[in-house]
1. Take region 62-80 and flag every residue that is in contact with an Asp or Glu (Cβ under 6 Å, 6 or more places away or on another chain) and either under 19 Å from residue 112 (Cα atoms) or without any contact (Cβ under 8 Å) to a residue 24 or more places away in the chain (or both).
2. Would you say residue 98 is among the β-branched types (Val, Ile, Thr), touching a Leu at 6+ places or on another chain (Cβ under 7 Å) and either surrounded by fewer than 17 Cβ atoms within 10 Å (Cβ to Cβ) or within 18 Å of residue 137 (Cβ to Cβ) (or both)?
3. Only one of 129, 115 is surrounded by fewer than 18 Cβ atoms within 10 Å (Cβ to Cβ), charged (D, E, K, R) and assigned to a helix (DSSP H, G or I); which?
4. Scan region 92-135 residue by residue and report those that are touching an Asp or Glu at 6+ places or on another chain (Cβ under 8 Å) and touching a residue at least 60 places away in the same chain (Cβ under 8 Å).
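Derivation of every value follows stated rules applied to the coordinates shown; laboratory data play no part. Computed from a predicted model, the values in this text were never measured in an experiment. Because the Cβ atoms are built from the backbone with ideal geometry, glycine has one as well, and the counts that use them run over all protein chains shown.
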Amino acid sequence: MNRIEELRNELKTLVAEAKELTKPDDAESQIRKICDGSRVEKLAILFLNARNKTIDTMSFEGTVDKVITYPREVYRKALLCDATGVIIGHNHLSNEVIPSTTDVRLTEILKNGLDTLEIKLLDHIIVDDTGESFSFVNENMI
């Protein structure tokens, strides 16, 4: 089984086990399941229905200090699965969860595009391997 098939199976398992996200810790837990233990930065996207249940996921893998994200693909997937909300999250291998200017800019780009489609960007969560996290919503940045 190649790495892509492994990741697909991992994402299918997460979706099958999905529950309603009622607090930020629930979303953080799902983000950690996708990103924990990775030796590269990963960006995880959770697509939610109107009841805040994860209905699909998507992820991008990068290098040790960045991950390239394609907003167009995020918008496309959100429309295809009829998402009403999206949560994005990624890991910082530096164990520093403060968002970079690139993180802030990506959040703005995704929020603006999703707003146009009447889909809410509910949060952007940054996690590290020490258990720390940063929520854009908790810091009033969304």
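1. Matches in region 62-80: 62 only.
2. Values: among the β-branched types (Val, Ile, Thr): yes; touching a Leu at 6+ places or on another chain (Cβ under 7 Å): no; either surrounded by fewer than 17 Cβ atoms within 10 Å (Cβ to Cβ) or within 18 Å of residue 137 (Cβ to Cβ) (or both): yes.
In short, no.
3. Details: 129 fails: assigned to a helix (DSSP H, G or I).
Testing whether each residue is surrounded by fewer than 18 Cβ atoms within 10 Å (Cβ to Cβ), charged (D, E, K, R) and assigned to a helix (DSSP H, G or I) leaves just 115.
4. Filtering region 92-135 down to residues touching an Asp or Glu at 6+ places or on another chain (Cβ under 8 Å) leaves 92-97, 121, 124-129, 133, 135.
Matches in region 92-135: 125, 127, 129, 133, 135.
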